[in-house]
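Report on the following structure.
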Amino acid sequence: MYYEHHRYVGKVCIVTGAANGLGLSLTNRLVEEGGYVGALDLEGDTLKKAFEGREDKIFCVQCDVSSKASVDAAVAAVIEHFGHVDALFNNAGIIGRQSLLDSTEEQWRRVIDVNLNGTFFVSQAVLRHMVDKGIKGVVVNTSSVASQIVSPNTGAYSASKGGVSLFTKFAALEMAKYGIRVCAYGPGTSVTRITDGTRNNPERCAMFLQNIPMGRFGEPDEATSVALFLGSDEASYCTGQTWLEDGGNSLF
Ligand SMILES: NC(=O)c1ccc[n+]([C@@H]2O[C@H](COP(=O)([O-])OP(=O)(O)OC[C@H]3O[C@@H](n4cnc5c(N)ncnc54)[C@H](O)[C@@H]3O)[C@@H](O)[C@H]2O)c1
């Protein structure tokens, strides 16, 4: 699809999980709209390959969002490189598939550590910078339709995304007085590698599609459009909410 928007001209953004899927789409569209991106991802090599030759606009930093030390160093590196940060897109995430009875402590903790604790660590580092510099910025968190509904074997994921949506409210409440907005968006099942397991399993795929009134999975570009709106000045009176983008999945 072709979009004619210029909402991020000169804006410095951070995107976590920028090397693949929704984060890759988001980073590309932020640059198309005139922005600069500090692109963070655990997969350092994939990240570099994805944005090779575009170093004037995209600054890549290998980072594990579940580690506060790694996050603090990465955010500091982006601030040193571009001078400041206007917008943060917390996108890094993992799914994890284990039943309640079979989940190990390590599996449960990893999903919560990356999706929920990671969102907190990166938000705190960036928000401290924005408040300190008087930047009236914005944070867009990636929640999920799974913050509202559950499906078999993804309990830790739903719990983490429910946490992201409530964290978004909490952060929005505390940041409003600084002129900083904090929003979230909640994609439904979208065509990226974390849903390969669902989309390639005929039984599970049919079960998911049956619950999506629009009868299809979402494209990364469609999710990205919502994130870009929420992070832009067009959404200047929006804060604290999670905008579901799910083909109607949450209506059931
Ligand atoms: N695809 C969907 O159907 C869907 C639906 C709802 C929400 N989401 C959310 O969208 C976000 C992006 O997912 P995606 O579908 O693009 O998946 P993806 O696997 O294609 O991309 C996720 C990215 O996050 C990175 N990442 C994982 N752990 C990390 C860590 N500890 N530190 C830094 N980076 C890390 C990965 O390397 C990868 O590049 C996730 O938060 C996911 O939960 C996806």
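Please treat every number below as a calculation from the coordinates, not as lab data. Computed from a predicted model, the values in this text were never measured in an experiment. Virtual Cβ from ideal backbone geometry, glycine too; neighbours counted across all protein chains shown.
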Per-residue HN-Hα couplings for segment 217-225 [Karplus 6.51, -1.76, 1.60; θ = phi - 60°; Hz; x = Gly/Pro]:
7, x, 8, x, 4, 5, 5, 4, 4
How would you rank 115-124, 43-52, highest first, on the average number of other Cβ atoms within 10 Å across their residues?
115-124, 43-52
For segment 1-20 and segment 101-169, write down the distance between their C-alpha centroids in whole Å.
21 Å
What is the diffusion coefficient of segment 126-252 in µm²/s, taking the Kirkwood radius over Cα pairs and the Stokes-Einstein relation at 10 °C with a viscosity of 1.306 mPa s?
103 µm²/s
For Leu88, distant residues with modelled amide H under 5 Å away:
Ile14, Val138, Val139, Val140
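For Glu203 and Ala73, calculate 0.36 nm times their separation in residues minus their Cα-Cα distance, and state this gained length in nm to one decimal. Display every interim value, and only then the final one.
Numbers: separation 130, 0.36 × 130 = 46.80 nm, distance 4.37 nm.
Stretched fully, the Glu203-Ala73 segment lengthens by 42.4 nm.
Using the Cβ atoms and a cut-off under 12 Å, what net charge is assigned to the surroundings of Ile14, where Lys and Arg are +1 and Asp and Glu are -1?
Working: positive: Lys11; negative: Asp41, Asp86.
After counting each charged neighbour, the total is -1.
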If we restrict to alpha carbons, what Rg and Dmax does segment 88-185 come to, in Å?
14.5, 48
Can you list, bin by bin at 5 Å, the percent of alpha carbon pairs in the chain, starting at 0?
1, 7, 14, 19, 21, 17, 12, 6, 3, 1, 0
If one takes the longest principal axis of the Cα atoms in the chain, at what angle in degrees, from 0 to 90 and to the nearest 10, does the Cα axis of helix 21-32 lie?
30 degrees
Where a ≥ b ≥ c are root eigenvalues of the Cα gyration tensor, a/c under 1.5 meaning rounded, otherwise prolate if a/b exceeds b/c and oblate otherwise, segment 172-218 counts as prolate
Short version: ³J(HN,Hα) in whole Hz for each residue of segment 144-149, in order, from phi by Karplus 6.51 cos²θ - 1.76 cosθ + 1.60 (θ = phi - 60°), x for Gly and Pro, what are they?
5, 4, 5, 6, 10, 10
Rounded to one decimal in nm, the spacing of the 7 Å Cα→Cβ label points at Asp56 and Leu173 is 4.6 nm
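Please report the net charge: other residues with Cβ closer than 13 Å to the Cβ of Met130, K and R +1, D and E -1.
Working: positive: Lys11, Arg128, Lys133, Lys136, Lys177, Arg181; negative: Asp86, Asp132, Glu174.
Around Met130, the charge tally is +3.
What order, most packed first, do the peptides 127-138, 16-27 have when packing is the mean number of other Cβ atoms within 10 Å of each residue? The partial results should precede the final answer.
Details: 127-138: 16.8, 16-27: 26.1.
Highest mean packing first, the order is 16-27, 127-138.
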Going down the table (Lys11/Lys161; Lys48/Lys169; Lys68/Lys136), which pairs top 30 Å between alpha carbons?
Lys48/Lys169
Whole-angstrom gap from segment 170-237 to segment 26-55, using each part's C-alpha centre
20 Å
Of the listed peptides 164-170, 66-72, what is their order by residue-averaged count of other C-beta atoms within 10 Å, with the highest listed first?
164-170, 66-72
Any idea what angle helix 155-175 forms with the longest principal axis of the chain, computed on alpha-carbon atoms, 0 to 90 degrees, nearest 10?
30 degrees
With the contact rule set at Cα under 8 Å and sequence spacing of 6 or more, what percent relative contact order holds for the chain?
18 percent
Env charge @ Leu26, Cβ radius under 14 Å, K,R +1 / D,E -1, value -3
Rounded to 10°, Cα long-axis angle of helix 68-82 versus longest principal axis of the chain:
40 degrees
